[in-house]
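Written below as structure tokens is the structure these notes are about.
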Amino acid sequence: MDFDNLNENQTNLNEQSTDTENKASSNVDNTGAQALPNAQDAQAYQPEACTPPQPQPAPQEPIYQQPVQQQAVYQQPVQQAQYTQPNRTNEYIYNNYDSAPKKKSNAGKITLGIIASVLAVFVISVVSISAYVSITGRDFDNNQQNNNVVISPNLPDSNPGKNDKSNAVKPDPDASSVGESDESVSDKVYPTLEQLAAPDDAMGLPDIYDKVSPSVVGVSCTLPRGTATGTGIIISEDGYIITNAHVIEDAVSVMIVDNELNEYTATVIGSDEQTDLAVLKIDATGLVACEFGSSKDLRIGELAVVIGNPLGFELYGTMTSGIISGLNRTINIGDKKMTLIQTNASINNGNSGGPLINSYGQIIGVTSAKVASIYGEGLGFAIPIDEAIPIINDLMKYGYVTGRPIIGISGEDINAITALYYRLPQGVCVRFVTPDSGAEAAGIKAGDIIIGANGQSITTMDELNAIKNNFSAGDTITLTIYRDNANMDVDIVLGEVTQDTQK
């Protein structure tokens, strides 16, 4: 606050009050009567007579507020002029003089870079031309000689200024072929894998799909605890369909969906677990039946196409392609041994029972995703159609595969630990004998241990079935059994597997 101005104003007020009192006392006579001033004194005295002796409050408010405004004006210059601005100025000057490095000229580096780039382009051009000449076996002299003109071999005319038709440049009729060959080398289009794998008279992939897809259907099964889906193949116009046996295993009901999304209720005609094939029947006519090819003439590397419903009906009618990767692959599925075709065409869950197709749109196999899922990604397998057709015919006609032998027992393997613990030989322990079977007729009993067949030692049921499958129904096989601490040979007439018999 400006206390000096305040004191000065207060002093002025006091002086005015003193002058007023002195003037008043001078106008009063000894008797106490006030003398009237003259006209001029009255005008000068009138404002003084109205001014009170104390300082008025109204003038004090502006005197008190004015220092507040002056205080705000006083503080602002201190922050900007005395503290902040000098520091910024000094810091800026210090950085420019002491810390900022001097820039060097880059003209030399830029020039060297340009020269290096030109040299690099030149070297690359020379190397490219040399490589082209070495690969194609051609040079520029040959190119000049192989132009589209032929120079006459006659001697030059004595008068060079005279045009002679004999020395004129003539077009070469064969030169166009040279130019065309040059263009064909540079613009050569290489064939795709499918083109390499397919023969010259093969169908295109779109044509294969158009031919086969009407014969491919979806198979939906209702199970006791859920549902299952797969793929099927129409093999007759009156509604016979083939698929995998594991697709319809334990199915309560089966439904067929064709490529036009029509639904049909299907009946299971027959199923064979050993070959993983099944035959279904729907009540429909005028269907598009597939065309069978031959799997015995296949070669590794040929084109292979798969159409099916991978991962369910959401991807209905998916087509994948590949090649035949292997033939006569012996695969063990559970206790069954199967001979299959291997392909790298994608086969996933839902493709089971679908077609494996050759380059002519013919069915050469029945795919099985069950096998592919066991052996990993990128490996697809299919049942050869030449082996499947006899099974399909038997299932359609009899409901089972005819001529397949059966011993008439069920049992379990005795491994080495069990045999050592109970002091028994390794083999197949008979648990059940099928009534009216060859085993029952030969006197086989539950508890017998089969340790041999036809003179060969066996220790598992797989080994026994492998020997049995070399015979047909009606043949006689000799089994060696262990009973009551003694071995004996028993001759058994093999029966035939039917729907009512147990293997």
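Just so you know, all these numbers are worked out from the coordinates, no wet-lab data involved. Just so you know, these numbers come straight off a predicted model, no measurement behind them. Positions of Cβ are generated from backbone atoms using ideal geometry, with glycine treated the same way; all protein chains shown enter the neighbour counts.
Please rank LEU327, LEU479, LEU311, fewest neighbouring Cβ atoms within 10 Å first, as an exposure proxy.
LEU311, LEU327, LEU479
Once fully extended, how much extra length lies between SER117 and ALA473, figured as 0.36 nm per residue of separation less the alpha-carbon to alpha-carbon distance?
Gain on extension, SER117 to ALA473, equals 119.6 nm.
Report, in debye and to the nearest 20, how large the dipole of segment 205-397 comes out about its Cα centre when Lys and Arg carry +1 and Asp and Glu carry -1 on their Cβ.
So the magnitude is around 480 debye.
Tell me, what is the percent relative contact order of segment 405-496, built from C-alpha pairs under 8 Å that lie six or more residues apart?
31 percent
For the charge dipole of segment 418-484, defined by +1 on Lys and Arg C-beta atoms and -1 on Asp and Glu C-beta atoms about the Cα centroid, which residue among PHE471, THR460, GLY443 has the Cα displaced farthest towards the positive pole?
Sorting the options by dipole projection puts first THR460.
Counting Lys and Arg as +1 and Asp and Glu as -1, each charge on the Cβ, what is the dipole of segment 405-496 about the Cα centre in debye, to the nearest 20? Don't jump to the answer; show the numbers that get you there.
Working: 5 positive and 12 negative charges, 56 e Å.
For this selection, approximately 260 debye.
List, in the order given, every pair from LYS336/LYS397; LYS296/LYS337; LYS336/LYS445; LYS337/LYS468 whose Cα-Cα distance in the structure shown is over 21 Å.
LYS336/LYS397; LYS336/LYS445
Sequence-distant or interchain residues sharing an amide H contact under 5 Å with ALA453, placed H: which?
Amide H to amide H, under 5 Å and 5 or more residues apart or across chains, ALA453 pairs with ILE458, THR480.
Counting only Cα, what are the radius of gyration and maximum Cα-Cα distance Dmax of segment 405-496, in Å?
That works out to 12.2, 38 Å for Rg and Dmax.
Below 8 Å between Cα atoms, with a sequence gap of 6+, how large is the relative contact order for segment 240-356 in percent?
It comes to 23 percent, rounded to a whole number.
Taking θ as phi - 60°, what are the ³J(HN,Hα) couplings along segment 466-474 by the Karplus curve (6.51, -1.76, 1.60), each to the nearest whole Hz, with x for Gly and Pro?
Result, rounded to whole Hz: 4, 6, 4, 6, 7, 10, 10, 4, x.
What residues have an amide H closer than 5 Å to that of ALA266, excluding those fewer than 5 places away on the same chain, when H is modeled at 1.01 Å from N in the peptide plane?
The list, which skips near neighbours in sequence, is VAL254, MET255, ILE256.
In 10 Å bins starting at zero, report the fraction of Cα pairs in segment 421-471 per bin as a rounded %.
Percent of Cα pairs in each bin: 23, 54, 21, 1.
Give the Rg (one decimal place) followed by the Dmax (whole number) of segment 205-397, computed from C-alpha coordinates and expressed in Å.
14.9, 43
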